[in-house]
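The values are calculated or read from the model by the stated rules, or taken from the named source; none is laboratory data. Keep in mind the model is a prediction, meaning the values are calculated, not measured. In this analysis, Cβ positions are derived from the backbone assuming ideal geometry, glycine residues included, and neighbour counts consider all displayed protein chains. The protein model used for the area step is the full one, side chains on, heavy atoms only, and it has no ligands, DNA or RNA in it. Shrake-Rupley method; radii C 1.70, N 1.55, O 1.52, S 1.80 Å.
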Amino acid sequence: MAKYLKLAALLLFLCSTFIVTVDTPVFSADQAPSAAAPAAPAAPAAAAAAAPKIDKGDNAWMLTSAALVLMMTIPGLFLFYGGLVRGKNALGTIMQSFIIVALISIQWVLWGYSLAFGPDHGGIIGGLDWLGLSGVGADPNPDYAATIPHQTFMAYQMMFAIITPALITGAIAERAKFGTFVLFMLLWATFIYDPLAHWVWGKGGWMGTNGGMGALDFAGGTVVHISSGISALVACCMFGKRIGFPQEPMMPHNLPFSVIGASLLWVGWFGFNAGSALAADGLATSAFVVTNTATAAAALSWMMMDWITRGKPTVLGAASGAVAGLVAITPASGFVGPMPAIIIGLVAGVLCSSACNLKTKLGYDDSLDVVGVHGVGGTWGAIATGLFASKLINPAGNDGLFFGNPHQLLVQVIAVLATWIFAALGTVIILSILKAMMGLRVTEEEELMGLDLSQHNERGYSM
Amino acid sequence: MKKIEAIIKPFKLDEVKQKLTSIGISGMTITEVKGFGRQKGHTELYRGAEYSVDFLPKVKIEILAPAELAAKIVETIRDSAQTGKIGDGKIFVTDVEEVIRIRTNERGEDAIR
């Protein structure tokens, strides 16, 4: 293992010197389009000066992006997760992602959006002014996006609020009691996701660039991936291991499902990352390109890890690598160029596959590797943003360590640590209450029977 | 009356069936089965977790035949199912007390003709 780490470090070093020299001319050419787009979301001051006017192209792209991000959860994530569980839990696993879409859609409209993006209270949380979307209508809100209806921004953010708790379900797969699970998701979204989203993206939130300390998180590395990854670690420890783990083989029942799911995630992620430009501009294109580049690099590097250390290039490895790459590039996608994207991807594949290998040695049952992929990948992405970010890509962002601004790395590390601590503590509290109130797990008999029959009185497969 | 049961490699099924029909066998039952003998299983790898799979898929053929045909059938299956590699399978021959055709209530050899 030390050999690979050394290799990765060497690569990182070589490329970092390479990027600083190579990237500059490439992106000075791209300056024109992004400078020509006064509606760049992270420049609210400039946008506020002009009277907000809806841009039809931006709105069309943002509605499309919102739908793409929804597609990541249903069916992307439920296929990815659904294929990895045993056949007797297929429906139960699919249902968890599916019902979160319904649940959080309502939560977000009623109070979630207001808590996350409503008028700021002390940099910590949004107010209750926008409960039930009161005052959130067709007029743009220049604090967030000056060229699209406020409701488009709200709907786009809703899809992020949906997928984040859905990611956690992979860690507690095959054993959660359905009623407990529903409450857990509702409380988690309200008390962890909504404040975190406010910290990073809310107007006045203490962590982000919209009036905060300036942590860069373009599309949700801290808010979405670190928060879900760390909460997943806490949750899988508190739920306990599945019966028979790790002695009994628990093989994925339908890997083609999982590969279809990973592919839908890859496609949907363009809405997630490129859409986070909040406009159909040059920055969106740049985010699109680096997203695809990092994903490809991570799919290759995870596959190579399997090939070198285990003798065979596995399909699940390649698919998991793609997801790890998507996770890692997420916070950086609006701030880095294509060469750093390759490094971010390559390192993500190596780090995340090593983390998944460690799981059985450490003895926690993170059934579908949410910690290894989202926790580790998200943390790497947030730190990598502090290394590779460049104002040449996004003038509204900042420079990272390799572009002469070591302070940005410190800011990123603080953001990561704060997110870890907040998500972990919050999850411990929520799950402790739920455990005392109603219990977390299904009974032993129900677990052996499978969630499909025991929780839903249905079977995924009748053959 | 004899019952011939043969456990063979799945990909050999078509060849075995053709050879058996060509010597005049007019009926058989097959089942997909799993098992192991000297041929060990294989390992499967999912995100770094290695599982050893002991039971390998095989096909079981069952044929009922008059006693005098049994040797010929065994020979045909043996020749057509053989690859020479470990895991080719086994053939069992047992006595059968009675056979009844459900539609007509015919008994013994009449029931399998």
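Summary of values
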| read-out | value |
| --- | --- |
| Residues of segment A:85-140 that turn out to be outside any helix (DSSP H, G or I) and basic (Lys, Arg), as a count | 1 |
| B:Glu44, sole failed condition from (1) without any contact (Cβ under 8 Å) to a residue 60 or more places away in the chain; (2) more than 14 Å from chain A (Cβ to nearest Cβ) | (2) |
| Subset tally (residues that are over 30 Å from A:Gly311 (Cα atoms), part of a loop (DSSP other than H, G, I, E, B) and either of a type in the set (A, V, I, L, M) or within 14 Å of chain A (Cβ to nearest Cβ) (or both)) for segment B:13-41 | 3 |
| Residue list for segment B:12-39, restricted to those being under 12 Å from the mean Cα position of the chain (by Cα) and either farther than 22 Å from B:Gly84 by Cα or hydrophobic (A, V, I, L, M, F, W, C) (or both) | B:Leu13, B:Val16, B:Leu20, B:Met28, B:Thr29, B:Ile30, B:Thr31, B:Val33 |
| In segment A:356-371, the residues that are farther than 15 Å from B:Leu45 by Cβ and open to solvent by 20 Å² or more (accessible area, probe 1.4 Å) | A:Leu358, A:Lys361, A:Leu362, A:Gly363, A:Tyr364 |
| Tally, over segment B:91-103, of residues that are in contact with a helix residue (DSSP H, G or I) (Cβ under 8 Å, 6 or more places away or on another chain), open to solvent by 60 Å² or more (accessible area, probe 1.4 Å) and assigned to a loop (DSSP other than H, G, I, E, B) | 1 |
| Helices (runs of 4 or more DSSP H) wholly inside segment A:315-413 that include at least 2 residues being farther than 24 Å from A:Ala423 by Cβ and of a type in the set (Val, Ile, Thr) | A:338-362 |
| Any hit, segment A:277-293, residues being open to solvent by 10 Å² or more (accessible area, probe 1.4 Å) and within 14 Å of another protein chain (Cβ to nearest Cβ) | no |
| Candidates A:Val413, A:Val376, A:Val428, filtered to the one that is open to solvent by 10 Å² or more (accessible area, probe 1.4 Å), within 14 Å of chain B (Cβ to nearest Cβ) and touching a residue at least 24 places away in the same chain (Cβ under 8 Å) | A:Val376 |
| Any hit, segment A:109-116, residues being within 29 Å of A:Val136 (Cβ to Cβ), modelled with pLDDT under 95 and in contact with a strand residue (DSSP E or B) (Cβ under 8 Å, 6 or more places away or on another chain) | no |
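Listed here are the residues, each with its yes/no results for (1) crowded, with 24+ Cβ neighbours inside 10 Å; (2) more than 14 Å from every other protein chain (Cβ to nearest Cβ); (3) under 19 Å from the mean Cα position of the chain (by Cα).
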{"site": "A:Met158", "(1), (2), (3)": "no, yes, yes"}
{"site": "A:Ile192", "(1), (2), (3)": "yes, yes, yes"}
{"site": "A:Ile226", "(1), (2), (3)": "yes, yes, yes"}
{"site": "A:Cys236", "(1), (2), (3)": "yes, yes, yes"}
{"site": "A:Gln247", "(1), (2), (3)": "no, no, no"}
{"site": "A:Met251", "(1), (2), (3)": "no, no, no"}
{"site": "A:Ala274", "(1), (2), (3)": "yes, yes, yes"}
